[in-house]
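Since the structure comes first, as structure tokens, the remarks are kept for the end.
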Amino acid sequence: MSVKDASNKNKENYYKVIIIGAGVAGLSAANHLISNGITNIKILEARNRIGGRIIAIPLDTQRVELGANWVHGVLGNPIFELAMQHNLINLQQTAPQSRKVIALTDNGKQVPFETLQEIYEAYLIFLRRCEEYFLCTYAPPEDVYSVGAHIKLEVDIYLKSISNKEEKNLREMIINCLLKRETCISGCHSMDEIDLLELGSYTELQGGNIILPNGYSSILNPLKATLSPDTILTNCPVRTIKWKRKKAPVTSPSGLNEIPEESEDGNESDKTITEEPKSIQYDGRVQIICDTNEVFYADHVICTIPLGVLKHNPKIFDPPLPEYKQESIDRLLFGTVNKIFLEYDRPFLSQDVSEIMLLWEDDISQHDEPTAEQIKEFWYKKIYSFSKVNDRLLLGWISGKEAEYMEMIDDQIIADKCTELLKRFLKDPYIPAPKKCVKTTWFSQPYTKGSYTSIGIGASQEDIENIAQPLYSNPHQSKPSILFAGEHCHSNFYSTVHGAYLCGRNTAQIIYRPDSPQEIVMENDSTDLSAWIQGISLE
């Protein structure tokens, strides 16, 4: 379809609502629109599949999740409720299992569990103190702006009470490992990036982390069940979203066409363009041009494009997003967290061991700002642990710049390095090589460019709210032209699947409710059920 045809009302490519992205936010929005009588919708998905950052592949005797892993919390979690409604959860199977975590130094020494427990409990106290600043009126110490810097102060005070140099060093190694774990939870390169005053803005739902017996991907089945097959168009990346109505040209005294410009807030400015218009005139609809050169039109567009893509491709909107919104996109972090799966022919870890924490004597990843050469040489030191998926399948986690670099390395090199690490820490030269190594590549994926959102230094909940704010093509509209949804649009549940689901539902409500508010309202089903973040439990 040519651009010249864009002024025609093409009924085939016109929809009441177009949703960009078939992840959880997009599927949630579609389900709530359909259940409220709006069926003239289309979902445009760039990939050849639905699910976004939820995807599973077969490995060993089971399917493993490359993306989202846990249902975070039970009480007030719509994903848990959806799973229960469709019999995707067996409550007996979700009961906490006995786990044995061991911590090993790089010379093969095992840390006494009592020491590990002591340090972990102290670390949780340090973390809780960081969270308190979000609700308290008192200020942090001078020149301390990040979670990492504040924890370092706490650690320095804590370690002063320990006179034995070896014991002090061991405790510091454990805390460094826990901080690496925290970067995977928060989705960042270093905790020095996370804003101290905003750490407590994330709301943790009670009930712990739940694994669905058939994998997280099973939640996609009920979400797509209500959609007709032709609702979703896959392999259709969006190139441009034209969202503002152009005013009709007027004739100037000079005889040239003049088109009033619009300011960023949608109001006309006094400026004129004294030249022929280069594009067609719009009738108020949003125009979407895809990489396939197909053109679609909609009264409303729900954009669930991930924050990482918005950061890397701001020109997708025509005209550009308002300055306040783009600044908020730039301020927020969208870090990379990757998984490394190692599949073996036979078990080799003790049956009662569930996870091995890796403690480095010289931890290059804890340097203030490792150079590109240091990351290239020591990327593997950012792997904080290997945990059992089953007896023949191990999982390693890695975050930040090291995770981004790891994506470029051949799988065999990664497998060899992981085997070297296991031999070194377990002090066992007979550790077998894995028969298969699978890594995730979320930073390299063009339709994610990272993993999930966190609030960096200088950013705040307000930035998330700014991104979630709908856009109007002109000041006379009762309903917005562009709405935004995704985990990066929920100011309490950012980085979670249930945050994405709730945002999708909220955007649908704005469209189908008769008296829609002029700005998005983030609903929180767990106002009185939330708890402060506790980290990952060591048992």
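How much net charge surrounds residue 397 when only the other residues with a Cβ under 10 Å from the Cβ of residue 397 are counted, with Lys and Arg +1 and Asp and Glu -1? So the environment of residue 397 carries a net charge of +4. Relative to the current alpha-carbon distance between residue 409 and residue 323, full extension at 0.36 nm per residue lengthens the span by 27.2 nm. Taking every alpha-carbon pair under 8 Å whose residues sit at least 6 apart, segment 393-500 reaches a relative contact order of 17 percent.
Rolling a 1.4 Å probe over the heavy atoms of the protein chains gives segment 77-234 an accessible area of 49 Å² per residue.
Annotation: extensible slack from residue 161 through residue 419 equals 89.1 nm (criterion: 0.36 nm per residue apart, minus Cα-Cα distance). Basic side chains Lys and Arg get +1 at the Cβ, acidic Asp and Glu get -1 at the Cβ, and with that the dipole of segment 400-520 about its Cα centre reaches some 420 debye.
What the phi angles of segment 220-231 give under the Karplus curve with 6.51, -1.76 and 1.60, with θ = phi - 60°, is a coupling list of 6, 4, x, 6, 9, 4, 7, 9, 5, x, 8, 5 Hz, glycine and proline written as x. Annotation for residue 371 and residue 136: the two label points, set 7 Å from Cα along the Cα-Cβ direction, are 4.0 nm apart. In order along segment 183-189, phi translates into HN-Hα couplings of 5, 6, 5, 7, x, 8, 7 Hz, rounded to whole numbers, per the Karplus curve 6.51 cos²θ - 1.76 cosθ + 1.60 with θ = phi - 60° and x for Gly and Pro. Once backbone amide H atoms are built at 1.01 Å from N, residue 453 has 495 as its partners under 5 Å, excluding neighbours fewer than 5 places away on the same chain.
In a simple Cβ point-charge model (Lys, Arg +1; Asp, Glu -1; nothing else charged), segment 386-444 has a dipole of about 260 debye relative to its Cα centre. Along the charge dipole of segment 76-198, pointing to its positive end and built from +1/-1 on Cβ of Lys, Arg, Asp and Glu, which listed residue (125, 191, 104) has its Cα farthest out? Going by the charge dipole, the pick is 104.
Between amide H atoms placed 1.01 Å from N, distances below 5 Å from residue 232 occur with 43, all of them 5 or more places distant or on a separate chain. Listed values for segment 151-165 are Karplus-derived 3J(HN,Hα) couplings in whole Hz (6.51 cos²θ - 1.76 cosθ + 1.60, θ = phi - 60°), namely 5, 4, 4, 4, 5, 4, 5, 4, 6, 5, 7, 9, 7, 6, 5, and x replaces Gly and Pro. Annotation: amide H-H contacts under 5 Å for residue 484 (H modelled 1.01 Å from N, sequence separation of 5 or more, or interchain): 303. In the context of the full set of protein chains, segment 396-507 has a per residue accessible area of 35 Å² (1.4 Å probe). Summing Cβ point charges (Lys, Arg +1; Asp, Glu -1) relative to the Cα centre of segment 127-213 gives a dipole of roughly 380 debye. Over 28 Å apart at the Cα level, from the set 168/435; 242/449; 423/449; 180/436, are 168/435; 423/449.
The values are calculated or read from the model by the stated rules, or taken from the named source; none is laboratory data. Model, not experiment: these values are computed from the prediction. Ideal geometry is used to build each Cβ from the backbone, glycine not excepted, and the neighbour counts take in all protein chains shown. Quick note on the areas: whole protein, heavy atoms, side chains included, nothing else; ligands and nucleic acids left out. Shrake-Rupley method; radii C 1.70, N 1.55, O 1.52, S 1.80 Å.
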